[in-house]
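The values are calculated or read from the model by the stated rules, or taken from the named source; none is laboratory data. On a predicted model such as this, the values are computed, not experimentally measured, just so you know. Every residue, glycine as well, gets a Cβ built from its backbone with ideal geometry; the counts of neighbours run over all protein chains shown. Remember, those area values only see protein heavy atoms, side chains included, never the ligands or the DNA or RNA. Shrake-Rupley method; radii C 1.70, N 1.55, O 1.52, S 1.80 Å.
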Amino acid sequence: MDEIITIENLTKKFGKNAAIDNLSVHIPRGKIIGLLGPNGSGKTTLLKILANLLMQYDGEVLINGLKPGIETKKIVAYLPDCNFLADDLTVMDAINYFNDFFEDFEKDKACDLLARLGINLKSRIGTLSKGTKEKVHLVLILSRNAQLYIFDEPIAGVDPAARDLIFRLILENYNKNGTIILATHLILEAQNILDYAMFINGGRLAIFDTVENIKNNTGKTLDELFREMYRYGDVSVCTNY
């Protein structure tokens, strides 16, 4: 299996508490992986390590064979779970900023996607609704020709009617040779676009397998399995894994 990410015995502590606890996983290239778990399970910590925002940890993390750092930032497109654009910027300012900063950014693609979403390039970020801001952030990330896309709750503020459109945009516009890691609580909406699912709890890996295998082994959709596994905070209810 051609891997984009190799993680071995990863542990990240904040004080005495382990946000990630001896986690090992190998993530294949060219797939869409759903990172699933309840609040506090370690999802955001893991994504920040991959994005090289958290640099002190135990264990080994490799992206395309390299430790997270300056070189991996060139091939990783990271969308955090918070706004990162200043309110006084226009949407066009944000596009130009990305165009100057990232060699793999496709400016025309960003302008086209924003036009499809009906977003005015002259609008200032601070005047946009929460959902529209999230769309702008998502488009900027998708307009990079990255090898690894990391999305941390990318559409939490988007209204339900727009979610199918957003997932369709992701499927149609990311680099097909790249890999997506998508952390989301909107499992019902997301499960149809995922190739793999990675369930974590308490910073530990519970399941990592193809969506097809998980469905065959449990007889449940990802959404049904998630609700069963985390209903009582006990992942051991998933007896087939």
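Across the options F199, I170, H185, the greatest Cα extent toward the positive end of the charge dipole of the chain (unit charges at beta carbon of Lys, Arg, Asp, Glu) belongs to H185.
With contacts taken as Cα pairs under 8 Å and at least 6 residues apart, segment 1-70 reaches a relative contact order of 40 percent. Highest mobility in the GNM of the chain, judged by mean-square fluctuation with C-alpha springs under 10 Å and restricted to N145, N39, N175, is found for N39. Residues in segment 64-74 carry Karplus couplings, in order, of 6, x, 10, 5, x, x, 4, 5, 6, 4, 6 Hz; the curve used is 6.51 cos²θ - 1.76 cosθ + 1.60 with θ = phi - 60°, and Gly or Pro positions show x.
Give me the dipole magnitude in Debye, nearest 20, for segment 1-115 about the Cα centre, with unit charges on the beta carbon: positive for Lys and Arg, negative for Asp and Glu.
Values: 12 positive and 17 negative charges, 114 e Å.
Here segment 1-115 has a charge dipole of around 540 debye.
Find how much the distance from E212 to E71 grows on full extension, using 0.36 nm per residue of separation minus their present alpha carbon separation; answer in nm with one decimal. Answer, rounded to one decimal: 47.4 nm. Average accessible surface for the chain: 47 Å² per residue, computed with a 1.4 Å probe over protein heavy atoms with every protein chain in place. Based on DSSP H segments of at least four residues, each scored -39500 (n - 2.57), the chain has a per-residue ellipticity at 222 nm of -9500 deg cm²/dmol.
Would you work out the Kirkwood radius for the chain? I mean one over the mean of 1/r across all pairs of different Cα atoms, in Å. The Cα-based Kirkwood calculation yields 18.5 Å. Comparing mean-square fluctuations of A86, A110, A206 from a GNM of the chain with C-alpha springs under 10 Å, the top value falls on A86. The GNM of the chain, with springs linking C-alpha atoms under 10 angstrom apart, assigns the highest mean-square fluctuation among R204, R29, R227 to R227.
For I32, the residues whose modelled amide H falls within less than 5 Å of its own, excluding neighbours fewer than 5 places apart on the same chain, are I180, D195, Y196.
Between the helical axis of 160-173 and the longest alpha-carbon principal axis of the chain there is an angle of about 90 degrees. Name the residues whose placed amide hydrogens come within less than 5 Å of the amide hydrogen of N201, ignoring near sequence neighbours (fewer than 5 apart) on the same chain. It is A206, by chain and number.
Using the Cβ-Cβ distance between S123 and T221 with R0 set to 41 Å, the FRET efficiency from 1/(1 + (r/R0)^6) comes to roughly 0.60. 3J(HN,Hα) along segment 181-197: 10, 10, 8, 7, 9, 8, 5, 4, 6, 8, 4, 6, 9, 8, 8, 10, 10 Hz, from the Karplus curve 6.51 cos²θ - 1.76 cosθ + 1.60 with θ = phi - 60°, whole Hz, x for Gly and Pro. Using bins of 10 Å that start at zero, the share of Cα-Cα pairs per bin across segment 6-101 amounts to 13, 41, 30, 15, 1, in whole %.
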